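> First, the structure itself, so that you have it in front of you.
The values are calculated or read from the model by the stated rules, or taken from the named source; none is laboratory data. None of these values were measured; they are calculated from a predicted model. No Cβ is skipped: glycine too gets one built from the backbone with ideal geometry, and neighbour counts run over all protein chains shown. Note: accessible area is taken over every heavy atom of the protein model, side chains too, but ligands, DNA and RNA are not part of it. Shrake-Rupley method; radii C 1.70, N 1.55, O 1.52, S 1.80 Å.
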Amino acid sequence: MITLTVELVKSLAEEINTHAFDGKLDFSKIKFALSNTTRSLAHVGIRKHKEFLSTSFTYSCEDLKVSKNFQWTQEALKNTIAHELIHIYEVQILKSKGTHGPSFKAQMYRLNNLLGYNVVVRAKGDKVQSIKKEEKVVDMVYALSEDQTKVIFTTPSCFISINRNASFLNRFQKFTVGRIKSDKIKKYAASRKYRGYHNITQAELQVLGIK
């Protein structure tokens, strides 16, 4: 495993730019950074611009972020950055939005078949055996129905007092509220997906540490 730094990300990006894109990509206005997300390995921020007195749009790349919440190998990091550089190529050279469409796949096949990379459209499953998520403990608030069959999770920062959440908890009737720290709950899923309620079993409650 390697120690992920902004300097390493930028160095690899410049190396890949020279090797795979003949140095055509311009990084002068792109900010390299590390992110804290667990939803993706890396991301290029693409901004949409509307032309004055026109119905057309142009696009620009603002940043390239790599998640620090993964255990990286040099090879996996290199292929992930190459993936993001294809998006920058689409925006800067092809003047397009930057998607996973035909132009992206054409460059992906070129890098993989001619230059020895292993870029994939979406890094998951056996394609990222060398990358493993670190267990991350998150602080969550929960509301549990009286019969202990339904639960809502939310982050403390998103949690509003029960008095102001009558409609939010209207299907619970009687409930208890608690707070736990767990590596079994995804913060994003809890704060976004479960803005309602979902069923839960006694076994799942025990795993989460809710009594």
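> Taking only region 108-124 into account, find how many residues are open to solvent by 60 Å² or more (accessible area, probe 1.4 Å) and of a type in the set (Phe, Trp, Tyr).
Count: 1.
> Being under 16 Å from the mean Cα position of the chain (by Cα) and at pLDDT below 95: is that true of THR38 here?
yes
> Looking only at region 63-107, count how many residues are surrounded by fewer than 17 Cβ atoms within 10 Å (Cβ to Cβ), under 15 Å from TYR117 (Cβ atoms) and touching a strand residue (DSSP E or B) at 6+ places or on another chain (Cβ under 9 Å).
So the answer is 0.
> Can you tell me which condition THR58 does not meet? The list is (1) open to solvent by less than 70 Å² (accessible area, probe 1.4 Å); (2) under 30 Å from LYS186 (Cβ atoms); (3) modelled with pLDDT under 95, and all the others hold.
The failed condition is (2).
> Just for region 3-27: of the residues that are closer than 20 Å to GLN107 by Cα and among the polar types (S, T, N, Q), which one is surrounded by the fewest Cβ atoms within 10 Å (Cβ to Cβ)?
Here the answer is THR18.
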